[in-house]
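Worksheet: the structure to be examined is printed underneath.
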Amino acid sequence: MNIKDTPWFESKPLLEHPKYYVFEDKYPVTKGHLLFVPKEDTEMHIRECFLAAYEYGLDLFKKEYCDGFNVGQNVGVAAGQTVMWPHVHMIPRRDGDCADPRGGVRGVIPEKQKY
């Protein structure tokens, strides 16, 4: 798969960096849900996306735009990946956006989320 064949290129990126693009998620979980998409399917570019997504989320948190954030990636069909090009989700979280956020990303398997 070529990055230009991904569904993100139906819209204009919010930002273009030398190693990645930033797009709004087509099906956002919360307001501000973004995708950091590497220009190349290489470890270096994917790492750059993770770091950028984390730093962006941290900046939003420090500016009190959100009360927390999740950064994550689905790799493989079994993990829920639907577009087979690497991409990193940055999801701003706000107090009250779900009944009980404890366990965070553990919620990908709901019966395992709670301790």
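The values are calculated or read from the model by the stated rules, or taken from the named source; none is laboratory data. What you see is a predicted model; the values in this text were computed from it and never measured. No Cβ is skipped: glycine too gets one built from the backbone with ideal geometry, and neighbour counts run over all protein chains shown. Areas reflect the complete protein model, heavy atoms only, side chains present, ligands, DNA and RNA absent. Shrake-Rupley method; radii C 1.70, N 1.55, O 1.52, S 1.80 Å.
Data overview
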read-out: Residue in the stretch 1-13 that is open to solvent by 50 Å² or more (accessible area, probe 1.4 Å) and at pLDDT 95 or above present; value: no
read-out: Selection status of residue 107, out of contact with any Asp or Glu (no Cβ under 8 Å at 6 or more places or on another chain), without any contact (Cβ under 8 Å) to a residue 40 or more places away in the chain and at positive phi; value: no
read-out: Tally, over the stretch 65-110, of residues that are assigned to a loop (DSSP other than H, G, I, E, B), among the hydrophobic types (A, V, I, L, M, F, W, C) and open to solvent by 70 Å² or more (accessible area, probe 1.4 Å); value: 4
read-out: Residue check for residue 56: hydroxyl-bearing (Ser, Thr, Tyr) and open to solvent by 60 Å² or more (accessible area, probe 1.4 Å); value: yes
read-out: Subset of the stretch 14-27 that is in contact with a strand residue (DSSP E or B) (Cβ under 8 Å, 6 or more places away or on another chain), without any contact (Cβ under 8 Å) to a residue 60 or more places away in the chain and part of a loop (DSSP other than H, G, I, E, B) - its residue that is most open to solvent (accessible area, probe 1.4 Å); value: 14
read-out: Where residue 48 falls short, out of the listed (1) among the acidic types (Asp, Glu); (2) at negative phi; (3) out of contact with any Lys or Arg (no Cβ under 7 Å at 6 or more places or on another chain); (4) modelled with pLDDT of 95 or more; value: (3)
read-out: Some residue of the stretch 93-111 being modelled with pLDDT of 95 or more and within 13 Å of the chain's Cα centre (by Cα); value: yes
read-out: Hits in the stretch 34-53 - residues which are open to solvent by 10 Å² or more (accessible area, probe 1.4 Å) and not in a helix (DSSP H, G or I); value: 34, 39, 40, 41, 42
